[in-house]
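One structure is given here, and the rest of the page talks about it.
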Amino acid sequence: MNQWRFEVFSKDGFVDVFGAEAAEDIKELGIDSVGEVHFSKVFLIEADIDEAFASRIANELLCDSVSQECFPGRKESRASESVIIEVHLKSGVTDPVAESVVTAIKDMGKDVDVVRTARKYELVGHVTDEQCELITRRALANDCIEDVIYGSDAEPPSAHTSPYELKINKIEITTLDDDGLAALSGKMDMFLDVIEMRCIQEYYRSIGCEPTDIELEMIAQTWSEHCVHKTLKSSVDFDFDGEKIHFDNLLKETVFKATQDLDKDWCISVFVDDAGIVEFDDDMAVCFKVETHNHPSALDPYGGAATGIGGVIRDPMGTGLGAKPIANTDIFCFGEPDMKLEDVPKGVLHPRRVMKGVVAGVRDYGNRMGIPTINGALYFDERYMANPLVFCGNIGVLDRKKCFSKPEVGNLIMVVGGRTGRDGIHGATFSSGAMTHEHEDIFSHAVQIGNPIVEKKMLDTLLQARERGLYEAIGDCGAGGLSSQVGELTEKFGAEVELKDIPLKYDGLNYTEIWISEAQERMVVAVRPEKLDEISELFASEDVEATVIGTITNDKKLKLSYDGELVGELDMQFLHHGLPKYSRQAKWTTPKLSEPTIAEKSSYDDDLMKILSQFNVASKEWVIRQYDHEVQGGSVIKPLTGVDNDGPGDASVIRPKFDSDRGVAVACGMNPVYGDLDPYWMALSGIDEAVRNIVCVGGRPDRIAILDNFCWGDCKKPETLGALVRTSQACYDGAMGFQTPFISGKDSLNNEFINEDGTAVSIPHTLLISAMSIVDDVNKCVTMDVKAAGNLLFVVGKTKNELGGSHYYKIAGELGANVPKVDIAVAAETAKRLHQAITAGLAASCHDCSEGGLAVALAEMAFAGGLGIEADLRGLPVSGDCVRVDTQLFSESNSRYVVEVEPGNYDAFAKLMLDMPFGQIGEVVLGKKLIVKDGAGNSVIDSDTAVLKSVWQEPLSL
Amino acid sequence: MANIRAIVLRAAGINCDLETEHALEVAGAAADRVHINRIIETPLMLDEYQIMVFPGGFSYGDDVAAGRILANQIVHHLSDVLRKFIDDGKLALGICNGFQVLVKMGILPDVAGDGKLDSSSVSIVDNDCGQFQDRWVYLQPGTDRCVFITPGKRIYLPMAHGEGKVVMKDTDTLEKIKDNGHVAFRYVDADGNTGGFPVNPNGSTDHIAGLVDSTGRVMGLMPHPERFIQRTQHPRWTRHDETLEADGVSIFKNAVGYLQG
């Protein structure tokens, strides 16, 4: 066996992109002594090959002879003063590049044993040891998944692991007292409380034995907050400003109930499968799921976000008999990116690094899967610093006749796709607890590493297997891995599984690790024995692994063996229904808030510019451009729109079928800061915003399906749970009022960070509403950019004295009290009328008023259209208490739209809006000025739209 | 009229095969998507086809470098049949990742003009901006001897890639590429002028967006013609009337028209 080492780097005269990026990141850390950074890719190859073949590998495969050089062995530094930092993946961490190199060398005619890759950075200049540590930790490496070696002499970690020998591990539980049970839960990272542990103890007492470790792990996983949502399903005694309200099951009596009460015939499958399914047309259905991947993204932003999107893509793939993914969405919440480094607590990554890593992770996985990322949002608040939120969504399409799985007794259980490794162990239980400054060290194994091409190959092959009817049921391995998925798929029957048959990435995993691993890119299918040959052949023909690991039985038991020896046995009934029911206390006391006193001014140009440059309002083009939003060829309304392709679109529209003009519109709504005032109105504002966005582009208001994602703090605290109850109540009222059923949802609780001194920081109460609707004819879609000078501008919907939580108050350092409310009946009727106007072709453009209010909406429409706007507040429909100019300009009242109408369509439009609150506020003009006049005819805004656009674009152009 | 058949290559990570198949069908060809393993098993199947398209995507994850692993696979298993395919007077088109594959195999740009694989003259590397970019670009034809191109007709297409910067080993190679008409398209602005980012979105040498071989029948380009075959795919279609033409179709129609004679 020979070992070969190659270093590949850019030739002189060619840009060293990664070196330059590292140099920039180091500068951002405030270290000026490092000049250039030279980057090299390192390849370590162990194979029985001679020097001539090794050099062929280097020159033909590893190195681009036009732009790169390859150095065999270790290249010494040429600089007089420099530091060398080499970053290697930890043993067992997935290395997709290495896997591809093995395949490619096989194509060249040789088999190799091991390939590993690493990154080498040569920092030119003087760097102290302390700075070196900081650079490594903060910019170059992530010690969750990577090992770092310094200098040229150190050896990288060994790639070899030793094989596993079976040793069954029984754990004594029946004799323990409460303290013992709590200690056991803690020791095994089960995140279960004493009541739950007692329940497990009772079960084992009743069957007269002690559990094995695999049984306890499986119970902990199945009962985790992440998998079973016990908080939202618990019974709640709610004290709302002294009024007592009782819920037997919070979720069933709010979010679920709305869907049940609405009972829409276009809903095919809701809240039961991995994604909610609704009708698309006579033949096709469309499904949607949004997940969070918060805790992993906090530890490893790139890997956590990548596997977040990779995981949610598998939800539609595992829905019904398998859907084809057609669109991704992503919504992120971060700390503000300009935060000072010294303000970032121990154990927490800087928000800017988190943001860059998360965006890159979603980009690299989503783009490689060939799924367009069409909708998203970014939200910044310092309380997200230690607990960033990463929402990833996926929409899929499937045949209406294939919307339900039907596993059968006697079916073979197959695992397909990727291999099982030690990655992601304890992900489900870990994400159910709070983060601490030590999490970074303790839970590094909970981070999962993705390989999108394995998932793409698996998808390509599964879709063919689905078309040929080769399996009866399908599910994805997400949180909880095989344990969770096989458990779910066979819950009503029973199953026997041979753990030694599960293909592994490397030796050394014990039977429990195999079973609970959350390694990515794996799915489970149930196959009739007579179809085994055909499905195996299909998977082999596209180089995708598919392995029989067990059988569906009918004894309602899950039996796990390793090499023929029973290592675990659990009763399905106990596993899935043995979890004790909770009752919790919740309390909401309406906070006593007051409105600030802000002096009126004669000009609001500065305020408008300040608001436009807030991170939450500013252009997200830096992110959007990094995502392929057009792959699959269905793009109709893109996330960026307007004369320069850079205006902020309200929602995106895609056309899933090449031969049909029917489309799907996708949007979202979220405004966590309103939750500081009243979570009830925060939730209704979110629903209203999602509906507005859909309606603005031409989506049907009567076909909107919505999804809820709750991200909350510690719900054992009655006040925190109280906010969640208020939100749930609003979800019910909103869904009923807008006639928009919830079709799927997910919650992520315990998003708190415990500092070294024991203090807790909770995220703001965060509800994301995602929305999807149908567009009957995409040719009638509308964008938000103004189209032609001379067209008239109308505002539909009433502007009220609702500056609470607004950006206008934020730039003044105030929160206020008057949170925007929603008159649901009026809002729903407004949406309906606007849709009629759009379908009739009466709207040249349409944009909703949201963050920053009317002034921001007008500015965005003007600069996106490359034209000017002259507006007059006298035409604005307002409530009686909305008299001040600043309130009219910046109030964030819901249910408002700005609509551009050609003069020739005035009558038709006005007739449609007749009994609605609407008014003409101005017109589109030539030139590049936004002018807004108050009641007395004074210009309260008089700005150059080019200037407005540049202040809006600048903050997030990284 | 002869029935033109096109084969659209599939492989792990290729992800624009469906819309490419559709674009070929819109242009009047019959298209099949075929996995590379099937072609390696039965190379003679290529006899049935007159156009071979290497679609966009991330073949093998673009591991090591974009298109490298798939190029290596084709070089070691299919280079002879592919050469014969081209020598028979048939057409090959590489889009985005497919372009990267053709360049990294050394089929494009064929500077020596002898049809031998040469991957040491031209390559495609990371965008200067260091990031994947999805944006629309104007393309000006750089030659009138390529069967896919309508000479002189400026077109507008989306690009979406992280590694699209065309580079040469030396200025001599660049001169040959220019002098011998190997530049299929250059990035320009709406008025036809070259410029810096984002007009040239990746920093490509001489603003090159696509290359053509010495036969004029093998072309590769970074932007995606298959993503603009319908009016509503244009980023500003809501600002235009219904006469807006979908520029991407012309590439496929030209190919089919050439073969139909």
For residue A:168 and residue A:90, what is the calculated FRET efficiency with R₀ set at 25 Å and r taken between the beta-carbons, to the nearest 0.05?
-> 0.35
Averaging sequence separations of C-alpha pairs under 8 Å and six or more residues apart, then dividing by the length of the range A:782-958, give the relative contact order as a whole percent.
-> 37
Give me the distance in nm between label points sitting 7 Å out from Cα along the Cα-to-Cβ direction at residue A:207 and residue B:169, one decimal.
-> 6.8
Leaving ligands, DNA and RNA out of it, rank B:171, A:222 by accessible area with a 1.4 Å probe, largest first.
-> B:171, A:222
So what are the ³J(HN,Hα) numbers for the range A:260-270, from phi and the Karplus equation (6.51, -1.76, 1.60; θ = phi - 60°), rounded to whole Hz, Gly and Pro as x?
-> 5, 5, 6, 6, 6, 6, 8, 7, 9, 8, 10
Accessible solvent surface per residue of the protein assembly as shown, calculated while the other protein chains remain in place, 1.4 angstrom probe, Å² = 34
Helix-only CD estimate at 222 nm, as mean residue ellipticity for the protein assembly as shown, using -39500 (n - 2.57) per DSSP H run (n ≥ 4) | -9000 deg cm²/dmol
In the B-A interface, the accessible area buried, summed over both sides, Å² (probe 1.4 Å) | 5000
What GluC sites (Glu not before Pro) in the range A:704-781 are in a loop by DSSP, with at most 12 other Cβ atoms within 10 Å of the Cβ?
-> A:756
Mind ordering A:368-376, A:914-922 by average Cβ neighbours within 10 Å, highest first?
-> A:368-376, A:914-922
Whole-number D in µm² s⁻¹ for chain A, Kirkwood Cα-pair radius fed into Stokes-Einstein, 37 °C, 0.692 mPa s = 111
Interface call, the range A:1-40: threshold 30 Å², probe 1.4 Å, accessible heavy-atom surface of protein chains, chain by itself vs complex, result A:14, A:15, A:17
Approximate spin-label separation residue B:194-residue B:80, in nm, with each point projected 7 Å along Cα-to-Cβ = 4.1
Could you work out how far apart the two model spin labels at residue A:907 and residue A:840 are, taking each label as a point 7 Å from the Cα in the direction of the beta carbon, and quote it in nm?
-> 1.2
Spatially proximal lysines relative to residue A:911 (Cα-Cα < 23 Å; intrachain offsets below 8 disregarded) | A:780, A:787, A:798, A:832
Go ahead and run the numbers for FRET between residue A:501 and residue A:789, Cβ-Cβ distance against an R0 of 56 Å, rounding to 0.05.
-> 0.20
Using only atoms on other chains, find how many Cβ atoms lie within 10 Å of each Cβ of peptide A:649-662 and report the average.
-> 1
Which percent, nearest 5, of DSSP beta bridges in the range B:5-260 are antiparallel?
-> 55
Can you sort B:22, B:77, A:577, A:629 by 1.4 Å-probe accessible area, starting with the largest?
-> A:577, B:77, B:22, A:629
Given just the C-alpha atoms of the range A:764-894, how large is their convex hull per residue in cubic angstrom?
-> 140
Modelled FRET efficiency - R0 51 Å, residue A:777 with residue A:603, Cβ distances, 0.05 increments | 0.70
Run the numbers on chain A and let me know its relative contact order in percent, using alpha-carbon pairs under 8 Å that are six or more apart.
-> 11
Would you pull out the residues with amide H under 5 Å of residue A:922's amide H, same chain only if 5 or more places away, H placed 1.01 Å from N?
-> A:793, A:872
List the residues of the range A:103-124 that lose 50 Å² or more of accessible area once all protein chains are present, compared with their chain alone (1.4 Å probe, heavy atoms only, no ligands or nucleic acids).
-> A:107
Kindly tabulate the residues in the range B:202-234 with an accessible-area decrease of at least 40 Å² between the chain alone and the assembly of all protein chains, using a probe of 1.4 Å.
-> B:227, B:230, B:232, B:233
Determine the sum of side-chain charges near residue A:523: Lys and Arg each +1, Asp and Glu each -1, restricted to other residues whose C-beta is under 10 angstrom from that of residue A:523.
-> -1
Please list A:831-844, A:64-77 highest first by mean number of surrounding beta-carbon atoms within 10 Å per residue.
-> A:831-844, A:64-77
Using +1 at the Cβ of each Lys and Arg and -1 at the Cβ of each Asp and Glu in chain A, identify which of A:877, A:79, A:817 lies farthest towards the dipole's positive end.
-> A:877
Does the range B:31-142 classify as rounded, prolate or oblate by the C-alpha gyration tensor (a ≥ b ≥ c root eigenvalues; a/c under 1.5 gives rounded; else a/b over b/c gives prolate, otherwise oblate)?
-> prolate
Given a cut-off of under 8 Å on Cα pairs at least six residues apart, what relative contact order in percent is computed for the range B:5-260?
-> 20
Give me a single rounded figure for B:248-260: the average over its residues of other chain Cβ atoms within 10 Å of their Cβ.
-> 0
Percent accessible area from carbon and sulfur atoms, the protein assembly as shown, protein chains only, probe 1.4 Å = 48
Those residues of the range A:762-785 whose amide nitrogen sits under 20 Å from the label point placed on residue A:661, 7 Å along Cα→Cβ | A:773-784
At 37 °C and 0.692 mPa s, grab the translational diffusion coefficient of the range A:233-356 from Stokes-Einstein with a Kirkwood Rh over Cα pairs, rounded to a whole number in µm² per second.
-> 182
Quick one: accessible surface of residue B:172, probe radius 1.4 Å, all protein chains present, in square angstrom to the nearest 10.
-> 90
Within 10 Å of each Cβ in peptide B:69-77, how many partner chain Cβ atoms are there on average? Round it to a whole number, please.
-> 4
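The values are calculated or read from the model by the stated rules, or taken from the named source; none is laboratory data. Since the structure is predicted, the reported quantities are computational estimates derived from the model, not experimental observations. Methodologically, a virtual Cβ is constructed for each residue, glycine included, from the backbone with ideal geometry; neighbour enumeration extends over all protein chains shown. Accessible surface is based on the protein model in full, side chains and every heavy atom, while ligands, DNA and RNA are left aside. Shrake-Rupley method; radii C 1.70, N 1.55, O 1.52, S 1.80 Å.
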